[in-house]
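Chemist: Following this message is one structure expressed as structure tokens.
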Amino acid sequence: MTANVPRVVVAGGGLAGLSLSLALKDALADGVDVVMADPALKRDPHGDKRAYAIAAAARRMLETLGVWDAVADKAQPILDMVITDSSLNDPVRPTFLTFEGEVAEGEPFAHMVTAGDLTAALIEASKTAGVSLRSEGVTKFAADPARVTVTFSGGESIDASLLVAADGARSRLREQAGIGWISWPYHQSGIVATILHERDHEGRAVEHFLPSGPFAILPLKPETQPDGSVKHRSSIVWSEKTKNVPALLESDPEDLLVELEKRFGLQLGKIAFETKPQAFPLSFGVARSFVGERLALLGDAAHVIHPIAGQGLNLGLQDAAALAETIADALRLGLDPGTADVLEGYERTRRADITAMGLMTDGLNRLFSNDLLPVRLIRDLGLGLVDRMPGLKRFFIREAAGLTDRDTPRLLKGEAL
């Protein structure tokens, strides 16, 4: 860091951290030195086969940053969504709510894309933009009113104006800063896998509300094989009571497939696992503050929510858009981006959205993850009423797409910083 060029160090090379790094260099070019540090940068990003729903607002940001074109042909638009509510063994799962998938003509409210493809595109764009990529972690930092000194796992230390902790829900940097963490477990685990099926999903996403937790089927881009056949694929997010998960994952593959069929259904024909199922504990968590002395928290380091609405990654990308705008605007005004006055703007911008989304997902999970008959009757009545109110359905779709009427960061509107 020189007297004329401030430096921002981003610790954590996930999708949110990479998006922030690229956004800063895209907006300010040589006006800022951006260092991205993560040991995972040593690995081939294409090995990550997890799939994410990228909401329309996040897609607009990626388009503005010149990244979306690199993944567009691999991304599957979600064209509509169906929501059911039933017990696991009910012979029929009635549809209570449907959503059309467009927020505007020709613009789906979300696309499914694999983490590996998007990570690779962001890394390549970041290199081209001039982000300094370091394949090592940040082990510690020391902040004072003038700077933050960041130490890497290789032993080198550098000074910066701001350190961004994007190092996940168990953030060591958040802990080192003494920022508290409010959390509670859901006693559920999310089982994720890619599923092969005989018939075309036609871009439809399905959310089955079941007593043990929601079961989501999310469409992936079909793959054409060398012999001309088409491989139809979907991603699943199977929320299950944590106590049941070890027995499920350790069972015979055929027995596990039988359990999957009970939840997946037969509407897409014969199914099979393409990837090995993996399970992750589900919980709610939020930092007591999103900022510290010359420190800003980003993504999962700041908040973790239930995947029931598929918004976890999108919240992280919204963080990146908001923080990039805060830093860019400050630097253009000649301000120090690491000062409390500047960082309070980021805290204020994100706190309300995170609180609202966290409460909504927590409430939905508690409402739908049970099989009490009176509760089922009330919630199904509510779903049915929403299905008959086009205006309210459009509102929910725009909220899910990140296209709210609130103070939306410019990148999420598709506007350059």
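Chemist: Any residue at all in the stretch 353-370 that is of a type in the set (Val, Ile, Thr), surrounded by fewer than 22 Cβ atoms within 10 Å (Cβ to Cβ), out of contact with any strand residue (DSSP E or B) (no Cβ under 6 Å at 6 or more places or on another chain) and not in a strand (DSSP E or B)?
Modeler: Within the stretch 353-370 (the criterion being of a type in the set (Val, Ile, Thr), surrounded by fewer than 22 Cβ atoms within 10 Å (Cβ to Cβ), out of contact with any strand residue (DSSP E or B) (no Cβ under 6 Å at 6 or more places or on another chain) and not in a strand (DSSP E or B)), the answer is yes, since at least one residue qualifies.
Chemist: Please specify each residue of the stretch 274-310 satisfying the condition of being part of a loop (DSSP other than H, G, I, E, B) and out of contact with any Ser or Thr (no Cβ under 6 Å at 6 or more places or on another chain).
Modeler: Passing the criteria: Lys276, Pro277, Arg288, Ser289, Phe290, Glu293, Arg294, Leu298, Ala302, Gly310.
Chemist: Any residue that is surrounded by 19 or more Cβ atoms within 10 Å (Cβ to Cβ) and touching a Ser or Thr at 6+ places or on another chain (Cβ under 8 Å) - is there at least one of those in the stretch 177-187?
Modeler: Within the stretch 177-187, one or more residues are surrounded by 19 or more Cβ atoms within 10 Å (Cβ to Cβ) and touching a Ser or Thr at 6+ places or on another chain (Cβ under 8 Å).
Chemist: Hey, Gln267 hits all of (1) buried (at least 20 other Cβ atoms within 10 Å of the Cβ); (2) more than 27 Å from Leu412 (Cα to Cα); (3) not β-branched (Val, Ile, Thr) but one; which does it fall short on?
Modeler: The failed condition is (1).
Chemist: For the stretch 218-254, how many residues meet the condition of being assigned to a helix (DSSP H, G or I) and either in contact with a Phe, Trp or Tyr (Cβ under 7 Å, 6 or more places away or on another chain) or surrounded by 12 or more Cβ atoms within 10 Å (Cβ to Cβ) (or both)?
Modeler: Matching residues across the stretch 218-254 total 5.
Chemist: May I pose another question? Step by step: first the residues of the stretch 151-162, then only those that are part of a strand (DSSP E or B) and among the polar types (S, T, N, Q), then the one that is farthest from Val5 (Cα to Cα). Which residue is that?
Modeler: Filtering first and then ranking leaves Thr151.
A quick yes/no check of all residues on (1) of a type in the set (D, E, K, R); (2) out of contact with any Pro (no Cβ under 7 Å at 6 or more places or on another chain); (3) free of Cβ contacts under 8 Å to residues at least 12 places away in the same chain; (4) assigned to a strand (DSSP E or B):
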residue	(1), (2), (3), (4)
Ala142	no, yes, yes, yes
Thr149	no, yes, yes, yes
Val164	no, yes, no, yes
Ala169	no, yes, no, no
Leu173	no, yes, no, no
Ile182	no, yes, no, yes
Tyr186	no, yes, no, yes
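Each value in this text was obtained by applying a stated rule to the coordinates, not by laboratory testing. All values derive from a computational prediction rather than experimental measurement. Neighbour counts are summed over all protein chains in view; Cβ atoms, including those assigned to glycine, are modelled from backbone coordinates with ideal geometry.
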